[in-house]
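The values are calculated or read from the model by the stated rules, or taken from the named source; none is laboratory data. Note that this is a predicted model, so its numbers are computed, not measured. Note: ideal-geometry Cβ built from the backbone for every residue, glycine included; neighbour counts use all protein chains shown. For the accessible areas, the whole protein counts, side chains as well, though only heavy atoms, and no ligand, DNA or RNA atoms are used. Shrake-Rupley method; radii C 1.70, N 1.55, O 1.52, S 1.80 Å.
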Amino acid sequence: MELLDLRYDAVFKEFFKDVELLSSFISSITGKDLQVESLEYTEEKAVDDGRSIIFDILAIDKNGNKINVEMEKNSASSMKKRTQFYWAKAFTRGFEKKSKFKDLKETICINILGTNIFKDDVICREYVLYDIENENRLDECLSIYFVELQKGEFIKGQSVKDLWIKLLSNSKKAKELPKEKSIIKKAVEKVEQISEVDDIQFKVIEEALEESKRLDWQDDVLEEAENMIKEAENMIKEAEGKAKEAEGKAKEAEGKAKEAEGKAKEAEGKAKEAEYKVKIQMAENLLSMGLLVEQVQVATGLDIDVIKSML
């Protein structure tokens, strides 16, 4: 039996319906003892244009704190902005007119990324609101984690956290994980259990989930389209520039051709003038030698009236 890939949304959600497994994973990533009491899989209108957001997992712990866990097999360029948006939606969820700000609970976002968005070697990182100058945290309400699975598949550690990362990185090799830790043993058994479900059924669920999340990623699609439009506009401008340059060169060549043509006509005129002067001189010489006007006209080709005017 081939084990299913936990990086797919449908499989991921089915796997973490087990709150004990989910609690262990969340606790290992955050370093806090967070016991999940309930799960919410929610879809809600996020902004005025009608887009919807869907939390992969929105868990509530025993103290009412919220933990949003997202599996992103193919991480988008907008992931950093997106997780802040999701955190804000989760943080204010349930906050009504009569609610008090002091009642807002800690909200944690854990982003499990199938592809890397950070260029260093850190596998798991946490972001909080932090006073840089005085080196202290604003409060405990905001925590955003990123776990990059590409960096974690070959992790050598044997802690529960390390084993969780290895499992999510490549659940198809779950049977190779050490089973000494009871929670990891249970996780491997869960992978085997859900892998017995018809994978075609999971494929249908996965496609439905991907379609429902399609609009949520439209920022990336729009960004790509805008970049393509800008690239096309730049190509058009470049082509127009080259066309104008070619047009300028053509006009320059045309000007030079006209200039050459003018010089050729001028040269032709001077040549004809020089030829005429030679014929005049010849006619004068022939007349001085006593030749008749008719004979000079034949020899030079000059008009007979011009020759007579020389007498």
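Descriptive notes on the structure:
- Convex hull volume of the stretch 233-311 per residue (C-alpha atoms, cubic angstrom): 85
- Average Cα contact separation per residue, the stretch 29-166, under 8 Å, 6 or more apart, as relative contact order %: 19
- Extended-chain gain in nm, criterion 0.36 nm per residue less alpha-carbon gap, Glu2 and Ala257: 83.9 nm
- Modelled this way, with points 7 Å down the Cα-to-C-beta line, the labels at Lys81 and Glu40 are 2.6 nm from one another.
- Near-label residues of the stretch 282-299 by backbone N, under 12 Å of a point 7 Å along Cα→Cβ of Lys308: 293-294
- The slack between Asn234 and Glu273, meaning 0.36 nm per residue of separation minus the straight C-alpha distance, is 8.3 nm.
- Each of Leu286, Ala260, Ala246 was scored by the projection of its Cα onto the charge dipole of the stretch 242-311, and the greatest displacement toward the positive side belongs to Ala246; charges sit on the C-beta of Lys, Arg, Asp and Glu.
- Carbon plus sulfur fraction of accessible area for the chain, probe 1.4 Å, in percent: 53
- Candidates Glu135, Glu189, Glu294, ranked by Gaussian network fluctuation over the chain, Cα under 10 Å, top entry: Glu294
- Mean separation of Cα contacts under 8 Å (6+ apart) over length of the chain, as relative contact order %: 16
- Alpha-carbon centroid distance for the pair the stretch 245-273 / the stretch 132-200, whole angstrom: 81
- Pair-distance profile P(r), taking every C-alpha pair of the stretch 60-146, with 5 angstrom steps and integer %: 3, 12, 22, 21, 18, 13, 7, 2, 1, 0
- Calculated diffusion of the stretch 1-145, Stokes-Einstein form, Kirkwood radius summed over Cα pairs, 10 °C and 1.306 mPa s, µm²/s: 97
- Linear extension gain, Lys265 paired with Asp131, 0.36 nm per residue minus alpha-carbon span: 39.7 nm
- Glu180 versus Ile60: modelled label distance in nm, points set 7 Å from Cα along the beta carbon direction: 3.9
- Where labels lie 7 Å past Cα in the beta-carbon direction, separation of Asp121 and Glu96 in nm: 5.3
- For the listed residue pairs Lys119/Lys161; Lys13/Lys173; Lys73/Lys156; Lys105/Lys186; Lys80/Lys237; Lys32/Lys166, the alpha carbons are over 28 angstrom apart in Lys105/Lys186; Lys80/Lys237.
- Assigned charges on the beta-carbon of Lys, Arg, Asp, Glu; the chain dipole about Cα centre (debye): 580
- For the chain, convex hull of alpha carbons as volume per residue, Å³: 354
- Loop-located chymotrypsin sites (Phe, Trp or Tyr not before Pro) in the stretch 138-177 (DSSP state other than H, G, I, E, B) with a sparse environment of at most 13 neighbouring Cβ atoms within 10 Å: Phe154.
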